[in-house]
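In what follows, a structure is listed as structure tokens, so that the remarks can point back to it.
The values are calculated or read from the model by the stated rules, or taken from the named source; none is laboratory data. Since the structure is predicted, the reported quantities are computational estimates derived from the model, not experimental observations. We place every Cβ from the backbone using ideal geometry, glycine too, and count neighbours over all the protein chains shown.
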């Protein structure tokens, strides 16, 4: 039944994408982030729907009118330079076959971002993209939050199979990243029912983070919760309310959850933490030997670190920073951090330039809240191998496009020089011109 329903939706979208190419990139974002085909059990499970929509989009875009080049921003230029750099390091990778597989996925992400940037040509399309990105992850937040409440938190919340966020720790970070975006829609929605729906989705998503039993997810949620509180107007009211809700949620969780969270401060005795330390140490050895190029994509497949539970084939980087550093050297890490920090700084610039401009109220709230999403990725990603996760690059793209929209809106609002003022200036300049003559 799920397969038939999904196939019906896909077939229904085909003519829409052919007539409106930007809808194809929305469909791609949906399949890339939510992976709805991974929630089926039949013939649609392994189908490359995202790639199909991308190919159809390119074909329809080729025959459609309109601009073919994206509106560029510094963040997008940085993304292109980063892509060139990790392509160069792939040529010298220590594990070439595995490296090419990861490179193929990473370069596709960059290409998709650039094509999407070219097709998202106005504010309405920007909102559509932001909504699709948000709801694609929030689906698991609402579903996981309800599951946690119904089961008393005894069963873990997982992400879609065979995806970036299958693991409970990874889905926890992704969920925290979209909570600020859900709050953005709750603040800017025109209808009261929509605002309540987005608020409820944000609350259930926070419960789902607890339901993942992820210690990193809990820490990320706490950090971002504090930042969100700082961005509210009624802090004396919202602060105690947030603490009360968090306390009730934690009290609702089972004893095994509490026991696991209590080990956060006992990393010296924690096998998982020790494995991370070992993996990071190995990554530093790689970059010490090749500080510029690193070991290339998937260099961690070569470590074979031995740990308490036996010898695994390899240990992942378990950190976006050590992942990029070991794979692409110090220049690669510098470019990656430039994207992350640049996203936050660009969002701050959006807030500053939009403040006091009624037409740009949407931009001011987006800039303030997306900063929290970037912090969630920077915090939670410190313990996960998610440096090339699509959601981060969609945030970069959306922030760059929002900045462009703000810049263009401000340019339109600059008043033209009145005729009388222009004449007066010309009169004042006349003596000077006569003297020079």
When residues of the range 165-182 are filtered for being assigned to a loop (DSSP other than H, G, I, E, B) and within 17 Å of residue 379 (Cβ to Cβ), how many remain?
2
Would you confirm whether or not the range 121-138 contains a residue that is part of a helix (DSSP H, G or I), farther than 21 Å from residue 366 by Cα and in the same structural domain as residue 300 (by TED's automatic domain parsing)?
no
Report whether or not residue 50 is outside the structural domain of residue 407 (by TED's automatic domain parsing), surrounded by fewer than 16 Cβ atoms within 10 Å (Cβ to Cβ) and in a helix (DSSP H, G or I).
no
Considering only the range 315-332, I want to know if a residue exists there that is modelled with pLDDT of 95 or more and farther than 20 Å from residue 279 by Cα.
yes
Condition first: within 19 Å of the chain's Cα centre (by Cα) and either outside any helix (DSSP H, G or I) or closer than 23 Å to residue 350 by Cβ (or both). Now tell me which residues in the range 82-108 satisfy that.
82
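Results for (1) in contact with a helix residue (DSSP H, G or I) (Cβ under 9 Å, 6 or more places away or on another chain); (2) surrounded by 23 or more Cβ atoms within 10 Å (Cβ to Cβ); (3) on the phi > 0 side of the Ramachandran plot, shown as yes or no for each residue.
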{"residue": "131", "(1), (2), (3)": "yes, no, no"}
{"residue": "144", "(1), (2), (3)": "yes, yes, no"}
{"residue": "150", "(1), (2), (3)": "no, no, no"}
{"residue": "158", "(1), (2), (3)": "yes, no, no"}
{"residue": "170", "(1), (2), (3)": "yes, yes, no"}
{"residue": "175", "(1), (2), (3)": "yes, yes, no"}
{"residue": "205", "(1), (2), (3)": "yes, yes, no"}
{"residue": "210", "(1), (2), (3)": "yes, yes, no"}
{"residue": "223", "(1), (2), (3)": "yes, no, no"}
Looking at 392, 388, 366, which one is touching a helix residue (DSSP H, G or I) at 6+ places or on another chain (Cβ under 8 Å), modelled with pLDDT of 95 or more, farther than 19 Å from residue 26 by Cβ and surrounded by 21 or more Cβ atoms within 10 Å (Cβ to Cβ)?
388
Among the residues of the range 56-78, which ones are out of contact with any helix residue (DSSP H, G or I) (no Cβ under 6 Å at 6 or more places or on another chain), outside any loop (DSSP other than H, G, I, E, B) and surrounded by 13 or more Cβ atoms within 10 Å (Cβ to Cβ)?
58, 59, 74
From (1) surrounded by 19 or more Cβ atoms within 10 Å (Cβ to Cβ); (2) out of contact with any helix residue (DSSP H, G or I) (no Cβ under 8 Å at 6 or more places or on another chain); (3) more than 20 Å from residue 31 (Cα to Cα), pick out the condition that doesn't hold for residue 99.
(2)
In this structure, is residue 29 within 12 Å of residue 119 (Cα to Cα), assigned to a helix (DSSP H, G or I) and within 23 Å of the chain's Cα centre (by Cα)?
no
